[in-house]
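A short reminder: the numbers here are calculations on the coordinates, not readings from a lab. Note that the structure is a prediction, hence the values are computed from the model and not measured. Cβ coordinates were reconstructed from backbone atoms using ideal geometry, including for glycine residues, and neighbour counts include every protein chain displayed.
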């Protein structure tokens, strides 16, 4: 069984083992106040980074096990993050809904629930916790599930970041109506990362759809390379969390001096 299959199986088992009052949860989601607009944040001028709060990962193990998600998120905001991604998967990434809830309450930016979504319940939970975005993975969901969860997210006022890894998944994401499409540079079988994946798939993403490059962005040179390929929005986690100062690392990715918001001249 692949790493992805194990995580998804664990997610389904955890949901089954922790039943909730679905009607009460749906009412709470419907009554939650409107979150910050993900679309506005991700279409603002300039380079936009969705900066991620992540304690560990299957590919790297422990990254920053004792991270305070609110402190990290506030640092990201000071460095110019457009949005904050919060891992909520507990077993393999060390996250929780409590992390998302705390970050969403502490920052004014849109927050992404980063998890392995397989059930509408998880979207309701995200909405109640204050999320503006949710991740939907084409590699995890079949066409019917992807369409149904995309529609449910839309009904809740959540933006869906639909993630693809190859040509077929890009086609499926677009067929499901994706307006924000993430290209993940990580091979889910080997966990290897190759930025050429994003470069290869970018021409398939039409105008009017926000294209997000995911995984493998570590340096300012990586950002410039992918901007040349047509991306201006990036989801970055491991390289920031592994840095001695995640906020300073984000400022460097954005080409800004650590002490201020001035954009460094592009090479």
When the Cα centres of segment 151-204 and segment 14-87 are compared, how far apart do they sit, in Å? 18
Out of all DSSP beta bridges in segment 87-232, what portion is antiparallel? Express it as a percent rounded to 5. 5
Return an integer: the convex hull volume of the alpha-carbon atoms of segment 129-261, in Å³ per residue. 133
Over the chain, with a Gaussian network built from C-alpha contacts below 10 Å, which listed residue (59, 37, 238) shows the highest mean-square fluctuation? 59
Candidates 130, 46, 216: whichever shows maximal mean-square fluctuation once the chain is modelled as a Gaussian network with Cα springs under 10 Å: 46
Residues of segment 105-140 with the amide nitrogen closer than 15 Å to a label point 7 Å from the Cα of residue 151, along Cα-to-Cβ, please. 120
Expressed in whole Å with the largest first, what are the equivalent ellipsoid semi-axes of segment 138-180 derived from the C-alpha gyration tensor as the square root of 5 times each eigenvalue? 17, 10, 8
Let me have the relative contact order for the chain, percent, based on Cα pairs under 8 Å that are six or more residues apart. 18
How much length, in nm to one decimal, is gained on full extension between residue 44 and residue 25, taken as 0.36 nm per residue of separation minus their Cα-Cα distance? 3.6 nm
Nearest 5 percent is fine: what portion of the DSSP beta bridges confined to the chain is antiparallel? 10
Describe numerically, in nm with one decimal, the distance between label points set 7 Å from Cα along Cα→Cβ at residue 4 and at residue 143. 1.8
Taking a ≥ b ≥ c as the square roots of the Cα gyration tensor eigenvalues, with a/c under 1.5 meaning rounded and otherwise prolate when a/b beats b/c, else oblate, which class fits segment 26-115? oblate
Most exposed first by the Cβ proxy, i.e. fewest other Cβ within 10 Å, how do 92, 165 rank? 92, 165
Go ahead and run the numbers for FRET between residue 219 and residue 105, Cβ-Cβ distance against an R0 of 25 Å, rounding to 0.05. 0.20
If you rank 54, 189 by fewest surrounding Cβ atoms within 10 Å, what's the result? 189, 54
Rounded if a/c is under 1.5, else prolate if a/b beats b/c, else oblate: with a ≥ b ≥ c from the C-alpha gyration tensor eigenvalues square-rooted, which is segment 77-174? prolate
So for 3, 53, 118, 162, fewest C-beta neighbours within 10 Å to most, what's the order? 3, 118, 162, 53
Compare 110, 19, 203 in a GNM of the chain, Cα atoms joined below 10 Å, and give the one with the largest fluctuation. 19
Taking the simple approach of a point 7 Å from Cα along Cα-to-Cβ for both residue 228 and residue 15, what is their distance in nm? 4.2
Using bins 10 angstrom wide from zero, how does P(r) for segment 14-55 break down, in % of all Cα pairs? 20, 25, 33, 19, 3
